[in-house]
Structure formats: C-alpha cells, structure tokens
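First the structure, in the form of structure tokens, and then the observations on it.
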Amino acid sequence: MKAGDELPPLEVPITRTLIVAGAIASRDYQDVHHDAELAREKGSPDIFMNILTTNGLVGRYITDHFGPTAVLRRVAIRLGAPNYPGDTMVLTGTVEELDGDTATVRVVGANAIGRHVTGTVTVTVPTATAPSGGAA
C-alpha cells in the first residue's frame, strides 16, 4: 500500500429500510428520517439518511477493505447531497498518507444528485507478529 492507491468502490443501495433502521439504531428519531409525509411538509421530497448511518457506512467501507484487525482512529466527514430511498451511494477512497501501520484515506460517497459524503478516515492496521518460536 502506498499514497495514491485507490480502494475498490462499494455500492450501497439506499433503501427506505436502511434509512429508517439506521435512524432507529442510532436513536435519531427526527421525523425526516422515517416519516415521508412529515419530511415533505418540511421541504424534502422524501425521508433521507442521517449522518450517523453515513458515518457507519464509511467505517464499514474502510474496515471491509483493511480487514478485521483495522482500527478506526479518526473519522471526519461532511454531508452534502441527501441520500434518498431508491438511490445508490458509491463509496470510493484514496490513500492520502501512510505513517507506519496507519493510513489516512480520503473518502467520497456519491449518489445520483451529487456527493453525499466527503471526508477522511485515519485507520491503523496492526502488523501481525510471528509467534516467538523456541523449544520449551
């Protein structure tokens, strides 16, 4: 791995169930995340994904790539275009910097109307150490 390396894209179908389940799991009971009628009354065409669900999906994208020993050290994201039901968000990433076993990855999640999320993730991937051999 080196700076400039690109992670393979991850397509995430944005379903109504994903949006509502993510809001419930993160205890975000704002009506715009589960009630389409109230979301429309507030000016949105439909319910939309909350930032905590997006944050979780970004974390999943990184740990799926770097493996089960990966430790997220910092996730700094900013939301843009909403994720509405029926769309697909495509997450992409580029390694920006390496420092030993720690990488900083630039992440973008785009949907049909634009960039839903942009940011950076700092992840440490501990190197496996060989068991100390020797006779007992």
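Here are the numbers:
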| quantity | calculated |
| --- | --- |
| Pro68 being more than 30 Å from Ala36 (Cα to Cα), over 17 Å from the mean Cα position of the chain (by Cα) and either at pLDDT below 95 or open to solvent by 50 Å² or more (accessible area, probe 1.4 Å) (or both) | no |
| Selection count where residues are open to solvent by 70 Å² or more (accessible area, probe 1.4 Å), among the acidic types (Asp, Glu) and touching a residue at least 60 places away in the same chain (Cβ under 8 Å), scope segment 71-109 | 2 |
| Filter result (in contact with a strand residue (DSSP E or B) (Cβ under 6 Å, 6 or more places away or on another chain) and open to solvent by 50 Å² or more (accessible area, probe 1.4 Å)) within segment 6-54 | Glu6, Pro9, Glu11, Pro13, Ile51 |
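The values are calculated or read from the model by the stated rules, or taken from the named source; none is laboratory data. Remember, predicted model here, so these are calculated numbers, not experimental data. So basically every Cβ, Gly included, is an ideal-geometry build from the backbone, and we count neighbours across all protein chains shown. With ligands, DNA and RNA removed, areas are computed over all heavy atoms of the protein, side chains included. Shrake-Rupley method; radii C 1.70, N 1.55, O 1.52, S 1.80 Å.
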